[in-house]
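Only one structure is covered here, and it is reproduced in the block below.
The values are calculated or read from the model by the stated rules, or taken from the named source; none is laboratory data. All values reported here derive from a predicted model rather than from experimental measurement. Cβ sites come from the backbone with ideal geometry, for glycine too, and all protein chains shown count toward neighbours.
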Amino acid sequence: ASLPAHERALVERRQFLLGPSYRLFYKEPLHLVRGEGVWLYDQNGKPYLDAYNNVPSVGHCHPRVVEAVSRQAATLNTHTRYLDDALLDYSERLLATLPAELSRVMYTCSGSEAVDLALRIACFHTGGTGIIITENAYHGTTRTTAEISPSLGEAMPLGQHVVTVPAPDTYRRAEADIGEAMARDVRAAIAFLTRRGIKPAAFIADGIFSTDGIFSEPAGFLQKTLDAVHAAGALYIADEVQPGFGRLGDGMWGFARHGIVPDIAVMGKPMGNGMPIAAAAMKPAVQEEFGQKIRYFNTFGANHVSIAAASAVLSVIGDEDLVDNAKRSGAAMLAGLRSLQECDERIGDVRGSGLFIGVEFVKDRTTREPNGTLASDVINDMRRRGVLISAAGPAGNILKIRPPLPFSTENAGHFLDVLGSVLSDLP
Ligand code: PMP
């Protein structure tokens, strides 16, 4: 209601032109016109500290990415059916960040397409169709990936061949060994599929379980699940769209924290700092026959401009030490959030790794009943005070803190000050 007239008109035009599937953030939607580093600016020049956006991973409008994209756009931009050094140079650099077993890469324009391709390859390779996912997973917008995305809500039908397992929720589940608990659930899902005559093709999970509520600890817990998946002859697909490219502050990849080597790793969002590029890296043995029998061409995937962006992103991550920065700033943020938790009963749990952190609000620390209303109030009040975040988890009660990687310890300090004052003003 307190929106200025122009912004009110924008909301109405959006509803008319784009329809109701397009949701906006915030009770008072934001109208952003510029970004730089970890800062975003609205139409009045008001700055907002971005503690949410993971796509502009090396910072909004990073000058090296902008320069690489502009130079390449002014030189050549075609597809992957001509010979080209830059595509292969980038592929070698990217694969060098992954375990040696993952030595082949295929490119797409979006994470959804990359997941879709990974599923096609897994089904082709195993001869199966069954897919195992977590209960509140999100894997994309295509028909096949939406069918494995229960977080889209109850109106989104899951595929007949899809089985869910509970998230590795270390806050709410009683099992002492969450890795064993998850592997047991996956074995049960495999048995369920098999009894119905469905051969399991793949287990796929986001390495930080972001829509499930952000679960990354303890490192190593995914090993037993990987073993269970392999014992059934299925493939393990690591969806690195969220944790990938250094966000967890502990190497480049979420699965690597767990000491596992997946059969296929899918990556996207931060890969091009906003340019549409995504990929699936895989073991050659998994892809070979698929590749021989089925032609693959993705018109825009890995075009020259996208590769220039992705290549600049890799350079900046290394040159600016962004993985270490994510570790340092993330640790400062976690420590600050834990001191807020000590004197605020409403914060049930604080967890995460690097610059991917969740703060869980509960109505009561004993029952752990989720408090989604409080999370929503905090997010909207922080937006009014110039700090941007969002919510995660099936009940929307978990603050999702996931800033661009150059987020400094000073930025973390500012974030904590604003969160502290918002919490003390809310009943
Ligand atoms: N997998 C995960 C874990 C994601 O978070 C997303 C995007 N939110 C996707 C896949 C799909 O990526 P895209 O939106 O680029 O298609």
### Message
Residues to consider are 150, 166; find the one that is closer than 19 Å to residue 202 by Cβ, more than 12 Å from the ligand (Cβ to nearest atom) and within 16 Å of the chain's Cα centre (by Cα).
### Response
150
### Query
Is there a residue being among the polar types (S, T, N, Q), out of contact with any helix residue (DSSP H, G or I) (no Cβ under 6 Å at 6 or more places or on another chain) and free of Cβ contacts under 8 Å to residues at least 12 places away in the same chain anywhere in segment 354-372?
yes
## Note on the structure
Those strands (runs of 3 or more DSSP E) completely within segment 317-426 that have 1 or more residues that are outside the structural domain of residue 172 (by TED's automatic domain parsing) and farther than 18 Å from residue 170 by Cβ are 390-392
### Query
Looking at this structure, is residue 44 touching a residue at least 60 places away in the same chain (Cβ under 8 Å) and out of contact with any strand residue (DSSP E or B) (no Cβ under 7 Å at 6 or more places or on another chain)?
no
### Task
May I ask you to list the residues in segment 219-234 that are part of a loop (DSSP other than H, G, I, E, B), surrounded by 20 or more Cβ atoms within 10 Å (Cβ to Cβ) and among the aliphatic types (A, V, I, L, M)?
222, 232, 234
#### Entry: Scope segment 111-126; condition of a type outside the set (Lys, Arg) and away from the ligand (no atom under 12 Å from the Cβ); matching residues
121, 122, 123, 124, 125, 126
### Query
Condition test on residue 137, is it crowded, with 22+ Cβ neighbours inside 10 Å, in a loop (DSSP other than H, G, I, E, B) and assigned by TED's automatic domain parsing to the domain that holds residue 80?
yes
### Task
Among the residues of segment 272-294, count how many are near the ligand (Cβ under 10 Å from one of its atoms) and either of a type in the set (Gly, Ala, Ser) or without any contact (Cβ under 8 Å) to a residue 60 or more places away in the chain (or both).
1
## Note on the structure
Note on segment 208-247: residues aromatic (Phe, Trp, Tyr) and away from the ligand (no atom under 16 Å from the Cβ) are 221
### Query
If you check residue 129 against the conditions, is it more than 13 Å from the ligand (Cβ to nearest atom), surrounded by fewer than 23 Cβ atoms within 10 Å (Cβ to Cβ) and either hydroxyl-bearing (Ser, Thr, Tyr) or farther than 26 Å from residue 290 by Cβ (or both)?
yes
### Summary
Within segment 248-261, restricting to residues that are of a type in the set (Gly, Ala, Ser) and surrounded by fewer than 24 Cβ atoms within 10 Å (Cβ to Cβ), the one that is farthest from the ligand (Cβ to nearest atom) is 259
